[in-house]
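First the structure, in the form of structure tokens, and then the observations on it.
The values are calculated or read from the model by the stated rules, or taken from the named source; none is laboratory data. Keep in mind it's a predicted model, so treat the numbers as computed, not measured. When we count neighbours, we look across all protein chains shown, and the Cβ atoms used for this are built from the backbone with ideal geometry, even at glycine.
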Amino acid sequence: MPIYEYRATAGGCVKCQHGFDRLQKLSEDDLATCPDCGAAITRVIAAPALAIGGAHLLQEKRIGDKGFTQYKKIGKGVYEKTAGKGPDIIRGD
């Protein structure tokens, strides 16, 4: 479910003058009035929060802390451990 931002069009209480967030289903209609004071409000287009790529999830420290082991290929059928617990080298002999 997305989080929408709303702000008063004119007047209103402190909450809607400065804007507030609301977690809503996509199927729900936009709010037309402030839930606190009843003033007219409009949905504001806000920048989305994005995490580009997966590099922030694959840091070696995080992998080991979460109980996983990461290996890097160093040759044909040979892998070397880069993070976590487990054998230092795995060979496909």
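Scan the range 76-90 residue by residue and report those that are part of a strand (DSSP E or B), farther than 15 Å from LYS66 by Cα and not aromatic (Phe, Trp, Tyr).
Start the filter on the range 76-90 by keeping residues that are part of a strand (DSSP E or B), which leaves 78-83, 89-90.
Remaining after also requiring farther than 15 Å from LYS66 by Cα: 78-81, 89-90.
Of everything in the range 76-90, those that are part of a strand (DSSP E or B), farther than 15 Å from LYS66 by Cα and not aromatic (Phe, Trp, Tyr) turn out to be VAL78, GLU80, LYS81, ILE89, ILE90.
Assess whether THR33 counts as being in contact with a helix residue (DSSP H, G or I) (Cβ under 7 Å, 6 or more places away or on another chain) and β-branched (Val, Ile, Thr).
Details: in contact with a helix residue (DSSP H, G or I) (Cβ under 7 Å, 6 or more places away or on another chain): no; β-branched (Val, Ile, Thr): yes.
Judged against the criteria, THR33 is not a match.
Taking the stated definitions as given, is ALA47 free of Cβ contacts under 8 Å to residues at least 40 places away in the same chain, over 30 Å from ALA83 (Cβ atoms), of a type outside the set (Phe, Trp, Tyr) and in a loop (DSSP other than H, G, I, E, B)? So that I can check it myself, show each step before the final result.
Working: free of Cβ contacts under 8 Å to residues at least 40 places away in the same chain: yes; over 30 Å from ALA83 (Cβ atoms): yes; of a type outside the set (Phe, Trp, Tyr): yes; in a loop (DSSP other than H, G, I, E, B): yes.
Yes.
Go over the candidates ASP30, ASP21 one by one and state the one that is of a type outside the set (A, V, I, L, M, F, W, C), more than 30 Å from ILE89 (Cα to Cα) and part of a strand (DSSP E or B). First the steps, then the outcome.
Values: ASP30 fails: part of a strand (DSSP E or B).
On inspection, the qualifying residue turns out to be ASP21.
Please go through (1) exposed (fewer than 11 other Cβ atoms within 10 Å of the Cβ); (2) modelled with pLDDT of 90 or more for LEU26 and return the number of the only condition it doesn't satisfy.
The one condition LEU26 does not meet is (2).
Mind listing whichever residues of the range 1-12 are part of a loop (DSSP other than H, G, I, E, B) and exposed (fewer than 15 other Cβ atoms within 10 Å of the Cβ)? Please lay out each step first, then the result.
Keep residues of the range 1-12 that are part of a loop (DSSP other than H, G, I, E, B), which gives 1-2, 9-12.
Within the range 1-12, MET1, PRO2, THR9, ALA10, GLY11 qualify.
Just need a number here: residues in the range 43-74 that are modelled with pLDDT of 75 or more and at positive phi.
Looking only at that region, the number is 1.
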